[in-house]
Amino acid sequence: MIRTGVSAAHAGYRGMKRSTRMSIIAGVAVFLTLVSGVSFAAWTASSTKTATAATGAVALTSATTAGASTITALGPYTYTATNQTVAKPITVRNTGSVDASVTSVTISRTGTLAGNQVAVKFWVGTSSACAATTPVVSSTLAGGTVSLSTLNISLASTGSAILCTSTTFTGSMTTQAGLTTTATYAINSSAGTNWNTTDSLSAANRSFTQDIFKTTVPNQPTNIQCTNGSDSNNVTLAWTTPSGFTTPNGGYNIYYNGSLIGNVTTTTVGLTGSGVSGTVTIRAVASDGTESLDSSEVPLEPRSYNRWGQGSGLACG
């Protein structure tokens with residue numbers, strides 16, 4: 001009886017162990033199934049990302065299809081007046097195999113002219129004429145990265161767009177005279193959130209130099225000739241352009257007996273008067289108003305006198 005009971009109890013224990021083992025095995029099977037599913041999903045995502053990266057490329061250039069750089073068209077340039085502007089089209093070409101967007105331009109500069117003296121604007125051009133459109137992104141040559149995202153420039157693979165840019169000198173011609181700066185643009189673009197690229201051209205082909213005109217005291221006009229006019233009240237003066245006197249300049253100031261009577265931009269002037277005597281001198285004028293020394297004097301006198309000694313008309317002396 002006892003033996004039979006023991007056998008029965010042992011048999012029950014063995015049966016319970018079998019049941020427990022089955023439960024554990026079933027649990028392991030479920031666990032392995034879940035782990036296998038997670039592992040497969042992660043492998044699939046990784047595989048897709050690798051395949052995409054391997055088949056695409058993002059690249060950008062600011063050269064034309066013929067290879068000519070376009071940013072360099074902004075210089076060399078000499079400003080001859082405050083608020084003078086130069087505007088040029090920049091070709092932006094997507095040389096990659098995926099679509100991309102122009103995101104920003106990074107500006108760096110060197111030289112004696114401070115970057116904040118030159119204002120910069122960017123806008124999308126509809127042609128190389130760069131007619132004004134909106135929106136416009138404004139900055140200066142002071143440097144840094146300027147966002148162009150508001151311009152919404154999208155480039156299809158192998159596509160291109162025109163990014164118009166202008167530079168304007170806003171400083172003082174007198175204070176900044178003779179100063180110069182060399183600026184370098186780096187156009188940046190991106191595809192998605194992870195792929196970014198910068199203009200592939202060398203820095204030399206993305207740079208331009210601008211300077212501020214510096215005046216010097218001009219030489220005085222020479223070889224002055226005076227000719228009587230057909231009208232008895234008129235004479236004409238003509239002279240030779242002084243050496244080194246080139247544009248930009250402020251023309252020539254005409255003085256009669258030491259008083260300024262006018263300014264001309266040519267090398268001739270007509271004078272009208274009657275019954276006067278005196279001398280005329282001429283001074284060359286630089287763009288900032290600096291005058292040369294007086295030319296040689298040209299005497300003027302009445303062309304005729306009446307019997308009472310009163311003069312009339314105008315003649316070269």
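The values are calculated or read from the model by the stated rules, or taken from the named source; none is laboratory data. Computed from a predicted structure; not experimentally measured. All Cβ positions, even for glycine, are placed from backbone atoms using ideal geometry, and neighbour counts span all protein chains on display. SASA here: full protein model, heavy atoms, side chains in, ligands and nucleic acids out. Shrake-Rupley method; radii C 1.70, N 1.55, O 1.52, S 1.80 Å.
Tally Lys/Arg at +1 and Asp/Glu at -1 over every other residue whose Cβ is under 12 Å from the Cβ of Gly317; what's the total?
With Lys, Arg at +1 and Asp, Glu at -1, the net is -1.
Could you pull out every residue, at least 5 positions away or on a different chain, whose amide H is within less than 5 Å of the one on Gly229? Hs are placed 1.01 Å off N in the peptide plane, and Pro or chain starts have none.
Long-range HN contacts for Gly229: Asn234, Val235, Thr236.
Short version: ³J(HN,Hα) in whole Hz for each residue of the stretch 212-221, in order, from phi by Karplus 6.51 cos²θ - 1.76 cosθ + 1.60 (θ = phi - 60°), x for Gly and Pro, what are they?
After applying 6.51 cos²θ - 1.76 cosθ + 1.60, I find 10, 4, 10, 7, 10, 4, x, 6, 6, x Hz.
Ser202 to Thr265: FRET efficiency via 1/(1 + (r/R0)^6), r the Cβ-Cβ distance, R0 51 Å, to the nearest 0.05?
According to the calculation, E is roughly 0.75.
Using amide H atoms built 1.01 Å from N in the peptide plane, name the residues 5+ places from Ile90, or on other chains, whose amide H lies under 5 Å from its own.
When sequence neighbours closer than 5 places are left aside, the close amide H contacts are Leu163, Cys164, Thr165.
Between Asn228 and Thr80, what FRET efficiency follows from the Cβ-Cβ distance if R0 is 25 Å, with the result rounded to 0.05?
Plugging the Cβ-Cβ distance into 1/(1 + (r/R0)^6) gives 0.10.
Would you kindly derive the ³J(HN,Hα) couplings of the stretch 178-183 from the backbone phi angles with the Karplus curve 6.51 cos²θ - 1.76 cosθ + 1.60 (θ = phi - 60°), listing them in order in whole Hz, with x for Gly and Pro?
Whole-Hz 3J(HN,Hα) from phi for the stretch 178-183: x, 7, 9, 9, 10, 10.
Please give me the summed charge of the neighbours of Ile162: other residues whose Cβ is under 11 Å from its Cβ, Lys and Arg +1, Asp and Glu -1.
Local charge sum for Ile162: +2.
Ordering Asp99, Asp199 by accessible area with a probe of 1.4 Å, largest first, what comes out?
From most accessible down to least: Asp99, Asp199.
Could you compute the net charge surrounding Ser274? Neighbours are other residues with a C-beta less than 12 Å from the C-beta of Ser274; K and R count +1, D and E count -1.
Summing Lys and Arg as +1 and Asp and Glu as -1 gives -1.
In whole Hz and in residue order, list the ³J(HN,Hα) couplings for the stretch 65-78 that follow from phi through the Karplus curve 6.51 cos²θ - 1.76 cosθ + 1.60, θ = phi - 60°; x for Gly and Pro.
4, 7, x, 7, 6, 10, 5, 5, 5, 6, x, x, 9, 10
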